[in-house]
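Report on the following structure.
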Amino acid sequence: MALAETLLRVRTKDGDAIPLRANRAQTLFEERRRQRNIVLKARQMGMTTWTAARFFLKTITRPGTMTVQVAHTQEAAEEIFRIVHRFVEWLPEELREGPLKTSRLSTRQMTFAEIDSQYRVASAGEKNAGRGWTIQNLHCSELARWPGNPAEILGGLRAALSPQAEVILESTPEGVGGCFYDEWQKAHETKTVRHFFPWWLEPRYRADAVDAATLTEEEQHLIAQEGLDLEQIGYRRILRANFRGLTAQEYAEDAESCFLSSGEPVFERAPVEHRLLHAPAPAETRHNGELAIWLPPMPGKKYLVAVDPAGGGSEGDYSAAQVIEMETALQCAEFAAHIGGLELAQRITELAKEYNHAQLVIERNNHGSGILALVETACGYRNVYRQNGQPGWLTTSVTRPAMIGRLDAALVEHHGRFMSRALMAECRSFVRLPNGNTGAQSGTHDDRVMAMAMGLAARAEIL
């Protein structure tokens, strides 16, 4: 950060050239960044400029470095390169005409021959971007807006990375589903650091102060929880008047509701959105975030663990489990991971044992029959839910609508019982499909939803 302020200059909106000083979002990023990063942000937070500066400094201070920035359009790529070009133009002359003298300079590529380093920009529309390169620094800008098949393009770029390459995936959100949404959701699995920057981190986003007497409950919550002042609330009201339904996407306030779903939602929006805003953070997480615990087991309490199994593997559906307190139906813990087979059987058995030997409710459709057999044989667990004498829960065309309806009613009447933001995010993208069925919107998952729906239905039968 000190080197950036000393060496690099940027142009302000008024046209002045000033030293680059990190703003609040950029400083927070520097404090937490690691080798792999993904940035979810509101509009115009300065992350593209800061990433260009970071990678430019790495390019000119580490011989043999190749930096690549990929933007969503040709125009955006050229704008990024203009920022980098200014960095070079405003370097001290002894550097610019000495070791950092460029031997090749175009609208897309900058080469520093003496130190064998280069800086390239590309657009996501270029099919061969990254092919044949060895990349030490990769910035994918506005990934949510990449054209074509972004996952395929990103896969090609990743194939070009050196083992110690630094990667920054960055974007404002654009709907539930897609490459950026998927990368954000599975960040804990890929050991990628998540960075979320809401609009109020930008000091320019202020307007005339509102009258404190007119504050809504939601505005009071933001003031209490996020430290917003009355001028920021004034700006927020202007945003909502101008952007209406797109405000949550363009000027994100949390990392869930900013991904706007399309299609007709199955669950009532108001309680889901309210719980997304107010849901508590887990008291404890385990297994790299796969298990989140809000309420630990209490002596004398009875619990139920509902499991929606999947086949495992790094892609596709998750295996999900919900821990529900029997008396109150409170969500106590949630598990979701790309595992199956014996590993899943062992994990859910351990979880059930921890919660006072809870009753295990396992869907017996598809993979579930195998998991049930492993739980009872290999794991030796006996407190398994039985439906009409058979172990496990069977989801059918008759039971499924009733399960979903019960969950919807619980969300409306008792949304405070649900602790997981990830569950609420799945509820947001659980829609009526073109074929008349209900399920996850394309590019999203509903495993947590189905586990919870099954758990509430089984609880009603047990009671």
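Odds and ends about this structure:
- Within segment 121-129, not a single residue is surrounded by fewer than 21 Cβ atoms within 10 Å (Cβ to Cβ), in a loop (DSSP other than H, G, I, E, B) and at pLDDT 90 or above.
- Within segment 4-35, the set of residues being of a type outside the set (G, A, S), under 29 Å from P163 (Cα atoms) and either crowded, with 17+ Cβ neighbours inside 10 Å or outside the structural domain of T59 (by TED's automatic domain parsing) (or both) comprises L7, L8, Q26, F29.
- Residues located in segment 442-463, provided they are more than 20 Å from T396 (Cα to Cα) and surrounded by fewer than 21 Cβ atoms within 10 Å (Cβ to Cβ): S442, G443, L463
- The criterion of being at pLDDT 95 or above and of a type in the set (G, A, S) does not hold for A337.
- If only residues of segment 193-218 that are modelled with pLDDT of 95 or more and among the acidic types (D, E) are counted, the one that is nearest to R34 (Cα to Cα) is D208.
- Test: T377 is without any contact (Cβ under 8 Å) to a residue 24 or more places away in the chain and surrounded by fewer than 21 Cβ atoms within 10 Å (Cβ to Cβ): yes
The rows are residues; the columns are (1) within 22 Å of A292 (Cα to Cα); (2) of a type outside the set (D, E); (3) at pLDDT below 90.
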site: R400; (1), (2), (3): no, yes, no
site: L407; (1), (2), (3): yes, yes, no
site: A410; (1), (2), (3): yes, yes, no
site: S429; (1), (2), (3): yes, yes, yes
site: G436; (1), (2), (3): no, yes, yes
site: A451; (1), (2), (3): yes, yes, no
site: L456; (1), (2), (3): yes, yes, no
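- When we screen F335, F259 for residues that are in a loop (DSSP other than H, G, I, E, B) and on the phi < 0 side of the Ramachandran plot, the only hit is F259.
- Screening Q331, Q346 for residues that are out of contact with any Leu (no Cβ under 6 Å at 6 or more places or on another chain) and under 25 Å from A410 (Cα atoms) leaves exactly one candidate, Q331.
- All positions within segment 235-246 that are surrounded by fewer than 18 Cβ atoms within 10 Å (Cβ to Cβ) and over 13 Å from E219 (Cα atoms): I238, A241, N242, F243, R244, G245, L246
- Test: residue in segment 145-163 that is surrounded by fewer than 20 Cβ atoms within 10 Å (Cβ to Cβ), farther than 28 Å from S103 by Cα and either touching a Phe, Trp or Tyr at 6+ places or on another chain (Cβ under 6 Å) or in contact (Cβ under 8 Å) with a residue 60 or more places away in the chain (or both): yes
- Screening L407, L394 for residues that are surrounded by fewer than 18 Cβ atoms within 10 Å (Cβ to Cβ), assigned by TED's automatic domain parsing to the domain that holds E325 and not aromatic (F, W, Y) leaves exactly one candidate, L394.
- Matching residues in segment 416-439 - criterion: being buried (at least 24 other Cβ atoms within 10 Å of the Cβ) and free of Cβ contacts under 8 Å to residues at least 60 places away in the same chain: E426
- Total residues in segment 164-178, condition at pLDDT 90 or above and crowded, with 22+ Cβ neighbours inside 10 Å: 6
- Only listed residue being touching a residue at least 40 places away in the same chain (Cβ under 8 Å) and in contact with a helix residue (DSSP H, G or I) (Cβ under 6 Å, 6 or more places away or on another chain), chosen from E268, E273, E218, E183: E268
- Test: residue in segment 90-109 that is assigned to a helix (DSSP H, G or I) and buried (at least 16 other Cβ atoms within 10 Å of the Cβ): no
- Checking T73, T59 one by one, the residue that is under 25 Å from A151 (Cα atoms) and either polar (S, T, N, Q) or at pLDDT below 90 (or both) is T73 and no other.
The values are calculated or read from the model by the stated rules, or taken from the named source; none is laboratory data. It should be emphasised that the depicted structure is a prediction, and the values quoted were computed from it without experimental measurement. So basically every Cβ, Gly included, is an ideal-geometry build from the backbone, and we count neighbours across all protein chains shown.
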